[in-house]
1. Angle check, please: helix 13-22 long axis (alpha carbons) against the longest principal axis of the chain (alpha carbons), in degrees 0 to 90, nearest 10.
2. Taking the Cβ of residue 38 as the center, what net charge do the other residues with Cβ under 10 Å away carry, scoring Lys and Arg +1 and Asp and Glu -1?
3. Treating the chain as a set of equal point scatterers at the Cα positions, no solvent, please give the Debye-formula log₁₀ I(q)/I(0) at q = 0.12, 0.26, 0.27 Å⁻¹.
4. Using just the helices of the chain, give the 222 nm mean residue ellipticity in deg cm²/dmol: DSSP H runs with n ≥ 4 each add -39,500 (n - 2.57), and the total is spread over all residues, rounded to 500.
Amino acid sequence: MEIDRNGLEVLSRDECLRLLSRATLGRIGVTSGALPTVLPVNFRFDGLQILIRTGVGTKLDAATDNTVVAFEVDEIDALG
């Protein structure tokens, strides 16, 4: 197991993709009016792409139209 300088475990690409394929809720970060906006999204990973469903005219639709975005998924172990 590799640990980075902050004490966090570094996952392999294969492990990241395996975990990503099991998750269903993520967050997408965009800028809106020069301010950061983080929105929860339902998504699916098809093995090649992260697919996010959004309606035409929504804030998310406008924010992700040919722009740079951040995407993250995590999991909290409520019993741990």
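Every number here is computed from the coordinates shown, using simple stated rules; none is lab data. Not measured: the values here are computed from a predicted model. Cβ coordinates were reconstructed from backbone atoms using ideal geometry, including for glycine residues, and neighbour counts include every protein chain displayed.
1. 60
2. 0
3. Results for the chain at q = 0.12, 0.26, 0.27 Å⁻¹ read -0.45, -1.28, -1.31.
4. After summing the helix terms and dividing by the residues of the chain, the value is -5000 deg cm²/dmol.
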